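The structure appears right after this line, and notes come after that.
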Amino acid sequence: MSRFDHIACCVDQSEAARRGLHQAARLAQDVGASRLSVVHLVPPPVYVGVYLPPPEPITHEVPDWLTELAKDAPGADVVLVDSLSSYPPAEAVAWAQEAGVDMLVAASHQGFFKRALMGSFAAYLAYHAHCPVMLVPPPVEDDKE
């Protein structure tokens with residue numbers, strides 16, 4: 001059994017999340033992890049820091065985009081984590097601890113404004129997770145001048 005037997009990658013619909021999942025799948029293969037989870041947090045309906053209850057009951061069906069994304073990591077489990085009544089990064093950390101995750105992977109990609117308004121998901125994971133966290137940065141732009 002590998003030290004990193006269960007790897008989980010937190011994803012959204014961004015290209016950065018796709019890069020993060022690619023790195024998580026490669027890491028899982030390299031270390032011989034027996035389990036890879038593709039985790040999406042169902043976000044709370046928040047508008048400028050004020051909680052607004054959902055207008056209709058939330059279904060916990062796996063969205064098509066998530067099914068497509070998970071195809072990039074054959075054999076991975078798809079997990080939906082309900083964060084409707086809590087802070088999504090805190091729910092991710094709690095889920096990871098409960099699920100026995102040995103390493104969390106997430107993309108670090110929010111712009112300054114969104115990070116200042118809502119906080120950094122990736123930073124929260126790095127500071128609060130019970131296990132190692134791998135943050136996948138955005139690609140470096142080539143400076144060919």
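The values are calculated or read from the model by the stated rules, or taken from the named source; none is laboratory data. In this text, all values refer to a predicted model and were calculated from it rather than measured experimentally. Here the Cβ is made from the backbone with ideal geometry for all residues, glycine too, and neighbour counts use every protein chain on show.
Looking only at the range 47-76, filter to residues that are in contact with a strand residue (DSSP E or B) (Cβ under 8 Å, 6 or more places away or on another chain) and at pLDDT 90 or above; which one of those is farthest from SER14 (Cα to Cα)?
Among residues in the range 47-76 that are in contact with a strand residue (DSSP E or B) (Cβ under 8 Å, 6 or more places away or on another chain) and at pLDDT 90 or above, the one farthest from SER14 (Cα to Cα) is GLY75.
One residue is enough: does the range 34-46 have a residue meeting the conditions in a loop (DSSP other than H, G, I, E, B) and either of a type in the set (Phe, Trp, Tyr) or modelled with pLDDT of 90 or more (or both)?
First pass over the range 34-46, keeping only residues in a loop (DSSP other than H, G, I, E, B): 34, 43-45.
With the extra rule that they be either of a type in the set (Phe, Trp, Tyr) or modelled with pLDDT of 90 or more (or both), the set shrinks to 34.
Yes, because at least one residue in the range 34-46 is in a loop (DSSP other than H, G, I, E, B) and either of a type in the set (Phe, Trp, Tyr) or modelled with pLDDT of 90 or more (or both).
Against the condition surrounded by 15 or more Cβ atoms within 10 Å (Cβ to Cβ) and among the charged types (D, E, K, R), how does ASP77 come out, does it pass?
Here the answer is no, as ASP77 does not meet what is asked.
Okay, residues lined up against (1) in contact with a helix residue (DSSP H, G or I) (Cβ under 7 Å, 6 or more places away or on another chain); (2) within 14 Å of ARG19 (Cα to Cα); (3) at pLDDT 90 or above:
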residue	(1), (2), (3)
VAL78	yes, no, yes
GLY100	no, no, yes
HIS109	yes, yes, no
GLY119	no, no, no
LEU125	yes, no, yes
HIS130	yes, no, yes
GLU141	no, no, no
